Amino acid sequence: MISYPSQPEIPAAGDGSSSWSLAYDGFKPEQEGLRETLCTLGNGFFATRGARPEAVADNVHYPGTYLAGGYNRLQTTIAGRVIENEDLVNFPNWLPLSFRIDGESWFDLVKFELLVYRQVLDLQQGVLLHTIRFRDGKGRITLLRSRRLVHMRSPHYAALEMTLTPENWSGPLEIRTALDGRVINGGVERYRQLGNTHLEPVAQEPLDEETIFLQVQTSQSRLYAALTARTRVFQNSHPLALKRSVVAEPGYIGQQLSIHIGRGQELRLEKVVALYTSGDQAIAECGLEAEKASRRAGSFAGLLASHSQAWSHLWRLFDIEIKLDDPKATEETAMILRLHVFHLLQTASVSTMDLDAGIPARGWHGEAYRGHVFWDEMFVFPLLNFRVPEITRALLRYRYRRLNEARAAAAGAGYRGAMFPWQSGSDGREESQELHLNPKSGRWLPDNTRLQRHVNATIAYNIWQYYQVTLDMEFLSFYGAEMILEIARFWASIATYNPDLDRYEILGVMGPDEYHDHYPGADGPGLNNNAYTNVMAVWVLCCALDLLDLLTHDRRQELCERLDLGPDEMRHWREVSTRMRVIFHEDGIISQFEGYEQLAEFDWEGYRRKYGNIQRLDRILEAEGDSPNAYKASKQADVLMLFYLFSSEELGRLFRRLGYPFAYETIPRNIEYYLGRTSHGSTLSRVVHSWVLARSDRPASWRQFSEALHSDLQDVQGGTTPEGIHLGAMAGSVDLIKRGYTGTELRGNVLWFNPSLPAELTDLRMRLRYRGHALDLHVSTDRLRIAARKCEVEPVRIGFKDKTHVLHGGETLELTL
């Protein structure tokens, strides 16, 4: 348990090391949005932004609470068109807890003189702490301390403790506690022209002297949410029975309490909240369950103890110990890596396994991208696969449950198989906007990102990687194989045969780049033969054919009968997978798409001098009446994604299957070419570039890693992080250390290691789970040590350089680098 000192200083968080805490000194209104995002607390079921409990949504603060998979759909008329959007709903604010002295203004940071302001996010225990010492207009000095949690083990609980001490005054004090369901979705400025009132009040009432109750429902999806809040007041560790008055209106319920407080007396407030929804399992009704949970809830101290223990168990699996050549850099880098793991586990954790939820690109931390699921899981799942693969399994079932919707989407577009959406939400339909707002020009523009069909390859790739780590044949047989086969069927049907070239082509799509969505002067959207898309389609077809051989005879027959998959169709898959077209420049560079080589070179230096930060080059050019479609300019890695996902050996096999030459030298040449033509408009971009540079240019790789590491902490995109974290970049930066620099790769039923530490990184230790084994990994500048914890499962094969080793439980493998 965290103990508070008698002086205003915040106690050390976690183990006392700043590598376990994110700390802010001083109240800076312009940074509050960013701080509230980065200090969000969650547990995989719901998350609450790190706003102060007395704060209301304004131009400084934005309290927000979001449920995993808690969506609602609204329509808005814009420019004569009805636009429908599905949003991640801002659910009732459970935080409100405030006070006022002698009937004057309610506490507000901007109305008082702040003598001390310190905010600490304790990553080790999952607690947000504040210490505030302030003086009001009458010279009264007060010390205010608070700590808050969203319970990691019991996902329906949250708790807030506030301690108030008058230093030089005595007098009457009024306390206000509330649950506020009058909130709207207003956290993203560019969405504010759209419908944003998602909640309808159902009930609000006091349950007893200590407890209030609020129930709301979403207006379209009819998801009910019920909250209870039990507020207790203590002095000298003794509970106080105070007279309370109730304040209620539709969507709001509160209590006000009055007390006389003496100088130097410590008053402690404890608010424990229970949150249930109509979508929860093993309940009769969410309101009854919230009421029952409120009665059974323990004290703040008891909740903190079990919550901290749950976090300690997670850190045993996910923590990473690193040593850099600079001790100060070691501490900072370790803290940011832990911050990224922390937010990953608040988005997808053990609680997620019972939910129907995917991986939202921006976490459950804000309203950006409307809480939708894109392809970012490709950057998230590796961390989960090697530690708690059960979470990955649950998240992959989110996709499986939407397989029929993907089949309908494919059929509606004239294809066979399953075509998953670029943006997915509640039911798996395509949620990409038809229009999006450029905040630089103020214009609404067509949104063609739904043409990023490569998301289907992402899903198949994620299933296969999960299987390779776990050998979970039951999942592959009953869920994964069906998805992969239907996605392969989609790729075979979207590929068209060009008899003049004797090649198959994929036309009218977008690659990961996103800056290019149509050809200059073209009437319609889409590009032809995006290299990443075409090669990934080939990989999926090969994977589908291979996995059929893995299944039992009976299961294979069942799937083929169910899907009406016969020998002729499989022969067609083989043909497409050997005749897919890939475009090359005249000098052998892989062309991002057909026609890329004919685009104009972009004036990178000129635009950097003019604008400074040109990460969002698309918005800059559109505001000038231009478009990146005309230039060799990419938002993020596209062709280079192939080198991120596959080893040179795997790519060599794929290209040789297609009849194209592929030498190792192809990789550094393509990296150099595309790196110089990329604006890094996505936070994922530097993760990928750092990875692909790890072998050929370690100093450059480390620079890219460092920039990726600081993307959210420093809000490098200038205002996007306050709207929600970038979960893919967070997870990807950690994965760079854990897999990228250790050279961890799954190939041929062997777990391969090929460490290549940058000069700055001298030592790292971590734990992996692989096919039932717990492996402790220690990499230094000259040694690789892999220790398998004692167990009775089958031994695993470990690869290093050109040799493989059999490792049994309880054995240790020592290798010289």
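The values are calculated or read from the model by the stated rules, or taken from the named source; none is laboratory data. A quick note: this is a predicted structure, and the numbers were derived from the prediction, not measured. Counting neighbours? That spans all protein chains shown, and the Cβs are built from the backbone with ideal geometry, glycine included. What goes into the accessible areas is simple: the full protein's heavy atoms, side chains included, and nothing from ligands, DNA or RNA. Shrake-Rupley method; radii C 1.70, N 1.55, O 1.52, S 1.80 Å.
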For residue 696, are the conditions met, namely being open to solvent by 10 Å² or more (accessible area, probe 1.4 Å), without any contact (Cβ under 8 Å) to a residue 40 or more places away in the chain and farther than 27 Å from residue 543 by Cα? yes
Mind telling me which of the residues 757, 777, 764 ends up being open to solvent by less than 10 Å² (accessible area, probe 1.4 Å), in contact with a strand residue (DSSP E or B) (Cβ under 8 Å, 6 or more places away or on another chain) and free of Cβ contacts under 8 Å to residues at least 60 places away in the same chain? 777
May I ask you to say which residue of 595, 659 is at positive phi and open to solvent by 30 Å² or more (accessible area, probe 1.4 Å)? 659
Looking at the structure I just gave you, is residue 291 more than 29 Å from residue 96 (Cα to Cα), at pLDDT 95 or above, open to solvent by 10 Å² or more (accessible area, probe 1.4 Å) and not hydroxyl-bearing (Ser, Thr, Tyr)? no
Being open to solvent by 10 Å² or more (accessible area, probe 1.4 Å), part of a loop (DSSP other than H, G, I, E, B) and farther than 21 Å from residue 565 by Cβ is the filter here, so list the residues in segment 387-419 that pass it. 388
Counting just the residues of segment 420-472 that are open to solvent by 30 Å² or more (accessible area, probe 1.4 Å) and among the charged types (D, E, K, R), which one comes out nearest to residue 550 (Cα to Cα)? 453
Report yes if residue 62 is open to solvent by less than 10 Å² (accessible area, probe 1.4 Å), closer than 24 Å to residue 185 by Cβ and touching a helix residue (DSSP H, G or I) at 6+ places or on another chain (Cβ under 8 Å), otherwise no. no
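Quick check on segment 713-727. Is at least one of its residues among the small types (Gly, Ala, Ser), within 30 Å of residue 33 (Cα to Cα) and open to solvent by less than 50 Å² (accessible area, probe 1.4 Å)?
Checked segment 713-727: at least one residue is among the small types (Gly, Ala, Ser), within 30 Å of residue 33 (Cα to Cα) and open to solvent by less than 50 Å² (accessible area, probe 1.4 Å).
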Answer from 667, 589 - the residue that is surrounded by 15 or more Cβ atoms within 10 Å (Cβ to Cβ), touching a residue at least 60 places away in the same chain (Cβ under 8 Å) and out of contact with any strand residue (DSSP E or B) (no Cβ under 9 Å at 6 or more places or on another chain): 589
Residues located in segment 780-810, provided they are without any contact (Cβ under 8 Å) to a residue 24 or more places away in the chain and over 32 Å from the mean Cα position of the chain (by Cα): 790, 791, 792, 793, 794, 795, 802, 803, 805, 806, 808, 810
Taking the conditions exactly as written (more than 30 Å from residue 427 (Cβ to Cβ) and either open to solvent by less than 10 Å² (accessible area, probe 1.4 Å) or charged (D, E, K, R) (or both)), does residue 100 satisfy them or not? yes
Residues that are within 32 Å of the chain's Cα centre (by Cα): which strands (runs of 3 or more DSSP E) entirely in segment 90-147 hold 3 or more of them? 113-122, 127-135
Expected single match for in contact with a strand residue (DSSP E or B) (Cβ under 8 Å, 6 or more places away or on another chain), in a loop (DSSP other than H, G, I, E, B), open to solvent by less than 10 Å² (accessible area, probe 1.4 Å) and on the phi > 0 side of the Ramachandran plot among 363, 358 is 363
Flag if residue 157 is touching a residue at least 24 places away in the same chain (Cβ under 8 Å), more than 23 Å from the chain's Cα centre (by Cα) and either open to solvent by less than 50 Å² (accessible area, probe 1.4 Å) or at positive phi (or both): no
Looking at (1) among the polar types (S, T, N, Q); (2) open to solvent by 20 Å² or more (accessible area, probe 1.4 Å); (3) assigned to a loop (DSSP other than H, G, I, E, B), find the lone condition where residue 804 falls short. (3)
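Starting from residues that are free of Cβ contacts under 8 Å to residues at least 60 places away in the same chain and assigned to a helix (DSSP H, G or I), keep the ones in segment 296-323 and report whichever is least open to solvent (accessible area, probe 1.4 Å).
Ranking the candidates gives 302 first.
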Residue list for segment 746-774, filter: over 12 Å from residue 797 (Cα atoms) and either part of a strand (DSSP E or B) or of a type in the set (A, V, I, L, M) (or both): 757, 759, 761, 762, 763, 764, 765, 766, 767, 768, 769, 774
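Within segment 655-666, count every residue that is at pLDDT 95 or above and aliphatic (A, V, I, L, M). I'd like the intermediate steps shown before the answer.
Within segment 655-666, the subset at pLDDT 95 or above is 655-660.
Restricting the remaining residues to those that are aliphatic (A, V, I, L, M) gives 658.
Residues in segment 655-666 being at pLDDT 95 or above and aliphatic (A, V, I, L, M): 1 in total.
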Take the residues of segment 638-651 that are more than 18 Å from residue 698 (Cα to Cα) and surrounded by fewer than 17 Cβ atoms within 10 Å (Cβ to Cβ): which is farthest from the chain's Cα centre (by Cα)? 649
Working only within segment 780-791, note down all residues that are open to solvent by 10 Å² or more (accessible area, probe 1.4 Å) and not small (Gly, Ala, Ser). 781, 782, 783, 785, 789, 790, 791
